[in-house]
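Below you'll find the structure, written out as structure tokens, and then a few comments.
Bear in mind that the values in this text are calculations on the coordinates, not laboratory data. Note that this is a predicted model, so its numbers are computed, not measured. All Cβ positions, glycine included, derive from the backbone under ideal geometry; neighbour counts span all protein chains shown.
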Amino acid sequence: MKINIVAVGKLKENFLTGGATEYLKRLRPFVKIEVVEIPECKTVDEEAKKILTRVPADSKLFVLDVFGEEMTSENFAKKIADMTLDGVSNFTFAIGGAFGLGEDLRKAADFKLSLSKMTFTHQMTRVILLEQIYRAFKINRGEPYHW
């Protein structure tokens, strides 16, 4: 299985880079994972085009979207497991920049995911997403993660 995270901008704060590095390390025994950073552009449409060029043709595209579906961690884990059972082995998660997502990116999405009704910075979203992906793998393996 392969997971791609395509995100606008770089992580700037040490606590965010530390969190992302930790979850990437935890995920490596379970999955091949790559993070691609797209430079911030003048418009969300430009960012969308750049993101879409980094989505492999055989990948299911999850877009992190304020208007997306909210899920529990267990339901997110089940969605990943169900798609894997259906033969999906490549997932891409797209995180837009500070001004949101271009419409082309929303239209291309196989699934629109909202992490919360609360607003997070796009940088914080990356760390939260990595943690939730890691949690999904632990749940799907039947390993303890909820204490």
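Taking Cα atoms, how many degrees apart are the long axis of helix 14-27 and the longest axis of the chain, rounded to 10 and kept between 0 and 90? Long axis of 14-27 versus the principal axis of the chain: about 50 degrees.
Over the range 1-78, the hull volume per residue, using the convex hull of the C-alpha atoms, is 129 Å³. Result for the chain in a Gaussian network model with C-alpha springs under 10 Å: among Leu64, Leu85, Leu11, the largest mean-square fluctuation is at Leu85.
Taking amide H atoms as placed 1.01 Å from N in the peptide plane, the amide H of Leu11 has no partner under 5 Å among residues 5 or more positions away or on other chains. With kT/(6 pi eta Rh) evaluated at 20 °C and eta = 1.002 mPa s, and Rh the Kirkwood radius from Cα pairs, the range 52-126 diffuses with a coefficient of 165 µm²/s according to Stokes-Einstein.
Only Lys, Arg, Asp and Glu carry charge here, each on its Cβ (+1 for the first two, -1 for the last two); on that basis the chain has a dipole of about 380 debye about its Cα centre.
Over the chain, Cα pairs under 8 Å with separation of 6+ residues give a relative contact order of 35 percent. When the trypsin sites (Lys or Arg not before Pro) in the range 1-70 are filtered for DSSP coil states and for at most 13 other beta-carbon atoms within 10 Å of their beta-carbon, the remaining sites are Lys10, Lys12, Lys42.
Within the range 82-139, all pairs of alpha-carbon atoms sorted by distance into 10 Å bins from zero give the percentages 17, 50, 29, 4. Remark: the Lys107-Thr121 segment gains 2.8 nm on full extension, using 0.36 nm per residue and subtracting the alpha carbon distance. Backbone geometry of the range 115-132 corresponds, through the Karplus equation with coefficients 6.51, -1.76 and 1.60 at θ = phi - 60°, to 3J(HN,Hα) couplings of 7, 5, 6, 6, 9, 10, 5, 5, 6, 5, 4, 4, 5, 4, 4, 4, 5, 5 Hz, x marking Gly and Pro. Along the range 89-104 the Karplus relation, 6.51 cos²θ - 1.76 cosθ + 1.60 evaluated at θ = phi - 60°, assigns HN-Hα couplings of 10, 9, 10, 10, 10, 10, 10, x, x, 4, 9, x, 10, x, 4, 4 Hz to successive residues, with x for each Gly and Pro. Most simply put, the chain has about 5% antiparallel DSSP beta bridges, counting only bridges with both residues inside it. Within the range 7-85, the GluC sites (Glu not before Pro) that combine a DSSP coil assignment with at most 16 other C-beta atoms in a 10 angstrom radius are Glu13, Glu40.
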